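Reading through the structure tokens given below for one structure.
The values are calculated or read from the model by the stated rules, or taken from the named source; none is laboratory data. All figures in this text were calculated on a predicted structure; none of them were measured in a lab. Here the Cβ positions follow ideal geometry from the backbone for every residue, glycine too, while neighbour counts run over all protein chains shown.
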Amino acid sequence: MLDSYAVVGNPISHSKSPLIHAAFAQQTNQSMQYTALLAPMDGFQAIVENFRREGGRGLNITVPFKMEAYRLSTHLTERAEIAQAVNTIKFEDNEILGDNTDGAGLVRDIIENLGIAIEGKRILLLGAGGAARGVIFPLLQKKPSQLVIANRTPQKAQTLQESFNSHGNMDSGNFMRFAGEKFDIIINATSASLYDELPSLPSDIFTQAILAYDMMYSREPTRFLKLAQHQGTQQIADGIGMLVEQAAESFYLWRGIKPNTKPVITMIKSLI
Ligand code: ATR
């Protein structure tokens, strides 16, 4: 029987993870299968237990179950513990190991694929939901000069800042609080692009930026990326690189082999 893996979410039909992992498996000669599983909103735990009973080796977890996966894990990697969310599960004997590879995926995409150092840079992170929370610790580990969290609801940004303050130099507030300030890297971790919306950002926030990064992706550049380009940001990037890199980190946890992500990023871009 082939080693079996899957991604669980709701919705799930749009997921590119089966294609990505099939490409990794082929490239590295791994005998495995990887499917997509739709979990009912109140049926995540049952899906996980059933998959495990049938001999499944590991799972990716996507919206909206990452916090439930965190609670279901019997032990956690440090980065999952700090993110308080799990996107990768590995079944080991009687244990469920929970990991979070999202932040590592973002950091690898910025540093390795886009060729931009994070060390010493001033970063503006937009959003204070689960997506933002998952990337803060891995970003801080790369020693930016400051990480500023800005959110439509500033209290949420402040709460996040308070829980990560000991890991690096941080600040937080609403979007307008940082009008006129210079940021090197601006990352959109809000869900605005999902609804073709744009956070109400100060004008000219992008003019001196080296990179504008949208963690979402779509066929056309998002409104966030179009504005950044219009204001003269040197480089723009959507979340496809992060998607493939977080998958590669999960694949490594399960199989102990690092796949080559570049051709897979190119392949997924051609399909969007
Ligand atoms: P996720 O898990 O994707 O982070 P979430 O936890 O629901 O989802 O968080 C969504 C984030 O996107 C929040 O920071 C939200 O801002 P609020 O905290 O003020 O609600 C932000 N967001 C969503 N739509 C937005 C919009 N149109 N403009 C600005 N921020 C938006």
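Entry remark, region 137-182: residues being among the polar types (S, T, N, Q) and in contact with a Lys or Arg (Cβ under 8 Å, 6 or more places away or on another chain) number 3 in total. Here are some residues: ASP109, ASP102. Which one is of a type in the set (D, E, K, R) and within 16 Å of the ligand (Cβ to nearest atom)? Answer to the check: ASP102. On inspection, LEU114 does not qualify as out of contact with any helix residue (DSSP H, G or I) (no Cβ under 6 Å at 6 or more places or on another chain), at pLDDT 95 or above, under 22 Å from ASP204 (Cα atoms) and more than 9 Å from the ligand (Cβ to nearest atom). What's the number of the condition ARG152 fails, among (1) assigned to a helix (DSSP H, G or I); (2) in the same structural domain as GLY134 (by TED's automatic domain parsing); (3) within 21 Å of the chain's Cα centre (by Cα)? Tallying (1) assigned to a helix (DSSP H, G or I); (2) in the same structural domain as GLY134 (by TED's automatic domain parsing); (3) within 21 Å of the chain's Cα centre (by Cα), ARG152 fails exactly one: (1).
Table: residues versus (1) surrounded by fewer than 21 Cβ atoms within 10 Å (Cβ to Cβ); (2) of a type in the set (Lys, Arg); (3) within 18 Å of LEU147 (Cβ to Cβ); (4) in contact with a strand residue (DSSP E or B) (Cβ under 9 Å, 6 or more places away or on another chain).
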site	(1), (2), (3), (4)
ASN188	no, no, yes, yes
SER193	no, no, no, yes
GLN208	yes, no, yes, no
PHE224	no, no, no, yes
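Run down GLN161, GLN155 and say which single residue is surrounded by 15 or more Cβ atoms within 10 Å (Cβ to Cβ), farther than 16 Å from ASP214 by Cβ, within 15 Å of the ligand (Cβ to nearest atom) and at pLDDT 95 or above. Result: GLN161 is the single residue among GLN161, GLN155 that is surrounded by 15 or more Cβ atoms within 10 Å (Cβ to Cβ), farther than 16 Å from ASP214 by Cβ, within 15 Å of the ligand (Cβ to nearest atom) and at pLDDT 95 or above.
Within region 164-181, the residues that satisfy the criterion of being exposed (fewer than 15 other Cβ atoms within 10 Å of the Cβ) and over 18 Å from PHE206 (Cβ atoms) are ASN165, SER166, HIS167, ASN169. Among helices (runs of 4 or more DSSP H) entirely within region 172-272, having at least 2 residues that are within 19 Å of ARG108 (Cβ to Cβ) singles out 240-255, 262-271. Restricting region 182-222 to residues that are of a type in the set (Val, Ile, Thr) and under 26 Å from LYS142 (Cα atoms), the residue that is nearest to the ligand (Cβ to nearest atom) is THR190. Sub-8 Å Cβ pairs linking a first residue in region 122-143 that is at positive phi to a second residue that is of a type in the set (D, E, K, R), at least 6 apart or interchain, are LYS143/GLU119, ordered by first then second residue. Of all residues being assigned to a helix (DSSP H, G or I) and closer than 20 Å to GLY98 by Cβ in region 6-47, which is nearest to the chain's Cα centre (by Cα)? Just the residue, please. That would be SER17. Note on region 48-84: residues that are buried (at least 21 other Cβ atoms within 10 Å of the Cβ), more than 16 Å from the ligand (Cβ to nearest atom), aliphatic (A, V, I, L, M) and in a strand (DSSP E or B) total 1. Once region 129-152 is narrowed to residues that are within 16 Å of the ligand (Cβ to nearest atom) and farther than 18 Å from ILE82 by Cβ, the residue that is surrounded by the fewest Cβ atoms within 10 Å (Cβ to Cβ) is ARG152.
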